[in-house]
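Enquirer: First the structure, which I've put down as structure tokens, then a few questions once you've had a look.
Since every read-out is calculated from the coordinates, none of them should be taken as a lab result. Keep in mind that what you see is a predicted model, and the values were worked out from it rather than measured. Every residue, glycine among them, receives a Cβ derived from its backbone with ideal geometry; neighbour counts consider all protein chains shown.
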There are 2 protein chains.
Amino acid sequence: MIRLFVPDDLAAGRPIALSVTQAHYLRDVMRRSSGDEVALFNGRHGEWLAALGLVERKAVTVVPRTRARAQAPTADLELVIALVKRARLETIVEKATELGVRRIRLAITRFTQAERTNVERLAAIAMEAAEQTGRLDVPEIVAPAKLDAILADWPPDRALIFCDEAGDATPILGALAAFLRPDALAASILIGPEGGFSPEERAHIRSLAPVIPVSLGPRILRADTAAIAALSLWQAALGDWRP
Amino acid sequence: MIRLFVPDDLAAGRPIALSVTQAHYLRDVMRRSSGDEVALFNGRHGEWLAALGLVERKAVTVVPRTRARAQAPTADLELVIALVKRARLETIVEKATELGVRRIRLAITRFTQAERTNVERLAAIAMEAAEQTGRLDVPEIVAPAKLDAILADWPPDRALIFCDEAGDATPILGALAAFLRPDALAASILIGPEGGFSPEERAHIRSLAPVIPVSLGPRILRADTAAIAALSLWQAALGDWRP
């Protein structure tokens, strides 16, 4: 079953005009025609089964028929990731979407080499990954900001799970189990660039009240590996991978 | 510090001729010269600090000086991964190396579309990832074989952690904690292709005595995400990420 994200409201019988990209995909790539069924979601109204209506050269409409799943809230889990090279950043966005984050913040740190990225392209990757993974929403991609700005006025009730390479942090699984209760807290997972954080950055991060420094084992991990590992651990210990 | 894998024996004062690729990397890319220090490992004799000796146009020698780390055994953790598309397979090999697997077996299953891959290229990726991540060995890449052949005569004392998308498996963290004791068992993690396993394959896998079917949550994960997540969980719950 093809799943498509649409920005429109979803209601039975109310036709929706698909984007040019989606119309092209359904008509020319997947060879769908009038009457075929797809699934739609918009982040607000659950998942709907819908039938293709008009399939024309430049326009495809779909008509929602029945709601298949009710909208459910996504855990308030956020990834704060230093700007890393484009291919790895795209991997991280795809994987973080599969792993159920609500939001991805891009951070400019002392050792990041870029100050910008194509946020629209990352948002498109998140949308496609959300369609494939079966989510009912698409994570928000927040444009790059300096780490200091992101950490300023950090909410006291938002846990900052700091993946700290320096070696004296608590192993992640025990740290998550000891410091957090399932569903009790909003949490952000913070991953540095390939060169790590500067000593000043590290001291500042560790001085914040809701910080939980965690270790991801004895080997050096690339940023994308660290992000996927930490998000998986969070979902398994505290999120929707639990029984 | 640059780390290099070499096949040679490592002993104080015994010069080693680097490969053409490594010589080019040190001389032309990293601009190293005679007397500079690098680290060497070979999977048998720990990690050695070594000094560059001759740096010539086509040949670079290194001389081990002191042993910095003793060889330690790698956990008997294996990844059995269905052949997936090249880019994702390469990601999996890099990440599995960072996550400390001893061996990667490539499996041909009902829904894999390829029957071959460039094993030498995957081995080169594993070697580079081992150099970067700080391991003392390089995981073995086993050439593709049919899943049936891999599962035939499966050792009764090797746990087969089957990442099962079908939905009724136990959540992975509880399953690992309930069924395995740290360091007590050899374990393999089995990940299917993007199309999943066929019903016959799934029934056969689940009929094996040492199988532990596990669930990786409610969303559909790509093969690379599933592999990284399962390996991370294993290391955190049972491996060298523990306190």
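Enquirer: Roughly what angle does helix B:223-237 make with the longest principal axis of chain B, taking Cα atoms, 0 to 90 degrees, to the nearest 10?
Expert: 80
Enquirer: Looking at region A:77-237, I'd like the Rg to Rh ratio, where Rg is from alpha-carbon atoms and Rh is Kirkwood's inverse mean 1/r. Display every interim value, and only then the final one.
Expert: Working: Rg = 14.6 Å, Rh = 15.7 Å.
Rounded to two decimals, Rg/Rh equals 0.93.
Enquirer: So what J values fall out for region B:171-178 if you push phi through Karplus, 6.51 cos²θ - 1.76 cosθ + 1.60 with θ = phi - 60°, rounded to Hz, Gly and Pro as x?
Expert: x, 4, 5, x, 5, 5, 5, 7
Enquirer: Further question: Just to be sure I understand: with springs between alpha-carbon atoms less than 10 Å apart, which residue in B:VAL214, B:VAL142, B:VAL20 has the highest mean-square fluctuation in the Gaussian network model of chain B?
Expert: Of B:VAL214, B:VAL142, B:VAL20, the Gaussian network model singles out B:VAL20 as fluctuating most.
Enquirer: If you don't mind, another one. With springs only between Cα atoms under 10 Å, which of B:GLU47, B:GLU128, B:GLU56 fluctuates most in a Gaussian network model of chain B?
Expert: In the Gaussian network model the winner is B:GLU56.
Enquirer: What number does region A:3-69 give for Rg over Rh if you use C-alpha atoms and the Kirkwood radius? Could the numbers behind the result be given before it?
Expert: Numbers: Rg = 10.7 Å, Rh = 11.5 Å.
Result: Rg/Rh = 0.93.
Enquirer: Moving on. If each DSSP helix of 4+ residues adds -39,500 (n - 2.57) and the sum is divided by the residues in chain B, what number results at 222 nm, nearest 500 deg cm²/dmol? Before the final figure, lay out the partial values.
Expert: Values: 7 runs with 70 residues, N = 243.
The helix contribution divided over chain B gives -8500 deg cm²/dmol.
Enquirer: Under a plain spin-label model, where a point goes 7 Å from the Cα along Cα-to-Cβ, how far apart in nm are A:ASN118 and B:ARG57?
Expert: 4.2
Enquirer: Calculate the mean, over all residues of peptide A:208-220, of how many other protein chain Cβ atoms lie within 10 angstrom of the residue's Cβ. Walk me through the intermediate numbers first.
Expert: On the way: counts 0, 0, 0, 0, 0, 0, 2, 3, 6, 11, 9, 13, 6.
For peptide A:208-220, the averaged partner shielding equals 4.
Enquirer: Say a paramagnetic label sat at a point 7 Å from the Cα of A:ALA186, along Cα to Cβ; which residues of region A:129-156 have their backbone N under 20 Å from it?
Expert: Hits in region A:129-156 for A:ALA186 at 20 Å: A:137-156.
Enquirer: What translational diffusion coefficient, in µm²/s and rounded to a whole number, does the Stokes-Einstein relation yield for region B:24-138 at 37 °C and a viscosity of 0.692 mPa s, taking the hydrodynamic radius as the Kirkwood radius over Cα pairs?
Expert: Values: Rh = 16.1 Å.
Calculated translational D: 204 µm²/s.
Enquirer: Shifting gears a bit: Would you mind classifying region A:154-200 by shape? Square roots of the alpha carbon gyration tensor eigenvalues, ordered a ≥ b ≥ c; an a/c under 1.5 is rounded, otherwise it is prolate if a/b is larger than b/c and oblate if not.
Expert: Working: a/c = 2.59, a/b = 1.53, b/c = 1.69.
Oblate.
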